[in-house]
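Everything on this sheet refers to the single structure shown next.
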Amino acid sequence: MTEVDAIVVGMGVGGEEVAGRLAEAGLEVLGIDGGLVGGECPYWGCIPSKMMIRAANLIADARRLEGIGGFVQVTPDWAPVARRIRTEATDGWDDKVAVDRFTGKGGTFVRGRARLAGPGKVEVDGEVHTARRAIVLGTGGAPTIPPIEGLAGTPYWTNREAIETESAPSSLIVLGGGAIGVELAQVFARFGTKVSVVEAADRLLPAEEPEASEVVHEALGEDDIAMVVGRKAVKVAHDGQEFTVTLDDGATVRGERLLVAVGRHAELGDLGLDTVGLDPKGKAVSVDGHMRAGENLWAVGDVTGHGQFTHVAMYQAAVAVRAILDQPGPPADYRALPRVTFTDPEVGAVGLTEAQAREAGLNVHVGTTQIPTSARGWIYGDGNEGVVKLVVDTDRDILVGATVAAPAGGETMGALAVAVYGEVPFSSLRHMMYAYPTFYRAIEDALKHMK
Ligand SMILES: Cc1cc2nc3c(=O)[nH]c(=O)nc-3n(C[C@H](O)[C@H](O)[C@H](O)COP(=O)(O)OP(=O)(O)OC[C@H]3O[C@@H](n4cnc5c(N)ncnc54)[C@H](O)[C@@H]3O)c2cc1C
Ligand SMILES: NC(=O)c1ccc[n+]([C@@H]2O[C@H](COP(=O)([O-])OP(=O)(O)OC[C@H]3O[C@@H](n4cnc5c(N)ncnc54)[C@H](O)[C@@H]3O)[C@@H](O)[C@H]2O)c1
């Protein structure tokens, strides 16, 4: 049995950040992970998927050259993508660098699946460790596998197999048109895979503005992706070669591979939450504004249910570290939560959608503008699809939400995230200067069209 100041269970992006910073602050820290230190983001999530997207977007841009600046013959090749993911992104799915980074700060690392064993106690591989000051849960989540007849037992892909693949399949069915579904559908389509997306809601990216869904739908259509929205899969079969997915209207979709991307969930059942009086059947570990989940117990990242993003996990980690070290600081504030879906065009969004603002009872005005009608969009030419949508709380005269679906839409959204977070008065946004001819200048046009 070890006694330390702090124990971090789950060393994903959130846990690793907490553990490293507490160790740097001079605390004795034990970090435990059953998988790889760094978690989903660097090995099967953000980083390798964005490498795939970079390659796919270069292919698309090369094809756009015709009619703008010349002609190139494009031959997509998955081999360099797979090689970069192995050598540059994941070290062949080896976390030695990350483990060394943590132990280099003075932390102790144990590999294993851990569970709470009562207040201040954590058990891993039959050994119980005690924390004098803090236990932090950063156990993330796992892909949700829906209970569709026939699905279990087939060789379906989750994000992990999609990221690890050494070749682009000839055809791919993507179940779920959320962030993972649309990003990876577009990647594989650009490498020559015949892709079909099946989304249960009535539009792709249903959590975002409908105008953004339309832009993404159109862009995926341009990549020859077949999309079925508003339909549920009711049966899956695999004949050894090919998947057949049967939809609730009896239609079927076939493909060499099936990617299940219908969301991720926290796995709380085996965490021993009941030993500290928390509900193991809940959807998330609930935390207060300083990430406290109980007496000397904190949680950060996906497991808290505040948005499954790396930047949320790291932001929460900073809040938790301050609380554990008794340092002053504001509680977590999600008003200006930014998110970017890295399709081409990207969907950058911050704060509330129009529907969320109205549901919250706000008096709302919205302004939209189409990117192709902006000077920069028009100059850009092929690939310029997009929209800016702003949501203003008219009672407070501030922006409470914004969406930029556009080339580099995530970057343009950054300006609007500052406006939402800083509660910049609408009148100030109306009267400031916007550089010509930038994409972000389209914001000014959307501001002129508020109603
Ligand atoms: C394909 C894909 C693309 C993504 N792209 C983006 C993106 O572009 N931008 C973005 O912001 N987010 C993105 N995300 C989301 C992002 O990866 C997650 O929000 C982030 O990884 C959450 O970090 P976390 O620390 O909460 O959990 P995780 O990264 O899931 O880490 C949790 C860790 O806990 C360990 N663990 C779990 N249970 C136990 C246990 N009982 N004992 C010991 N260890 C345990 C696991 O092994 C894991 O290492 C993407 C996700 C996916 C799947
Ligand atoms: N760029 C990014 O930041 C990024 C990229 C990828 C993933 N992520 C994170 O990872 C998490 C998981 O991604 P995801 O795409 O799996 O989840 P998601 O929640 O974003 O999307 C899941 C989609 O599947 C649909 N769906 C649910 N059940 C279905 C069914 N039975 N059949 C068909 N469709 C169904 C939902 O309506 C939804 O549109 C996301 O919450 C996101 O925060 C972020």
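Assorted remarks:
- Around Pro143: net Lys/Arg minus Asp/Glu count, Cβ-Cβ under 11 Å: -1
- In loop segments of segment 124-201 as defined by DSSP, there are no chymotrypsin sites (Phe, Trp or Tyr not before Pro) with at most 10 further C-beta atoms inside 10 Å of their C-beta.
- In summary, the chain shows an alpha-carbon radius of gyration equal to 1.04 times the 2.2 N^0.38 Å reference for compact globular proteins.
- Ratio of Rg to Rh for segment 30-180: 1.09 [Cα atoms; Kirkwood radius as inverse mean 1/r over pairs].
- Charge context of Ala131, other residues only, Cβ under 9 angstrom, K/R +1, D/E -1: +1
- Peptides 5-15, 395-405 ordered by average Cβ neighbours within 10 Å, highest first: 5-15, 395-405
- Only the Cβ atoms of Lys and Arg (+1) and of Asp and Glu (-1) were treated as charged; on that basis the dipole of the chain about its Cα centre amounts to roughly 380 debye.
- Pairs with C-alpha atoms separated by more than 31 Å, drawn from the list Lys235/Lys283; Lys50/Lys232; Lys96/Lys235; Lys194/Lys232; Lys50/Lys451, are Lys96/Lys235; Lys50/Lys451.
- Segment 159-262, dipole about Cα centre (Lys/Arg Cβ +1, Asp/Glu Cβ -1), debye to the nearest 20: 400 debye
- Here, P(r) means the percent of Cα pairs in each 5 Å bin from 0 to the largest distance; for segment 353-407 it is 5, 21, 24, 15, 12, 12, 8, 3.
- One way to sum up the overall shape of segment 159-262 is the equivalent ellipsoid from its Cα gyration tensor, whose semi-axes run 20, 17, 11 Å, largest first.
- Per-atom-type breakdown for segment 46-116 gives carbon and sulfur 53% of the accessible area (1.4 Å probe, protein chains only).
- Ranking by accessible area, most exposed first, for Leu172, Leu58 with a 1.4 Å probe: Leu58, Leu172
- The chain, relative contact order in percent, only Cα pairs under 8 angstrom and at least six apart counted: 14 percent
- Relative contact order, percent, segment 260-411 [alpha-carbon distance under 8 Å, six or more residues apart]: 17 percent
- Ordered by 1.4 Å accessible area with all protein chains kept, Met314, Met52 run largest first as Met314, Met52.
- Evaluated over the Cα positions of segment 1-84, the convex hull gives a direction-averaged projected area, one quarter of its surface, of 8.2 nm².
- Of the listed residues Ser49, Ser286, the order by accessible area with a 1.4 Å probe, largest first, is Ser286, Ser49.
- By average C-beta atoms within 10 angstrom, highest first, the peptides 217-223, 138-144: 138-144, 217-223
- Per residue, in Å², the accessible surface of segment 82-230 once ligands and nucleic acids are set aside, probe 1.4 Å: 43 Å²
The values are calculated or read from the model by the stated rules, or taken from the named source; none is laboratory data. Computed from a prediction, not measured in an experiment: that's the story for all the values here. Cβ: placed from backbone, ideal geometry, glycine included. Neighbour counts: every protein chain shown. For accessibility, only protein heavy atoms count, side chains too; no ligands or nucleic acids. Shrake-Rupley method; radii C 1.70, N 1.55, O 1.52, S 1.80 Å.
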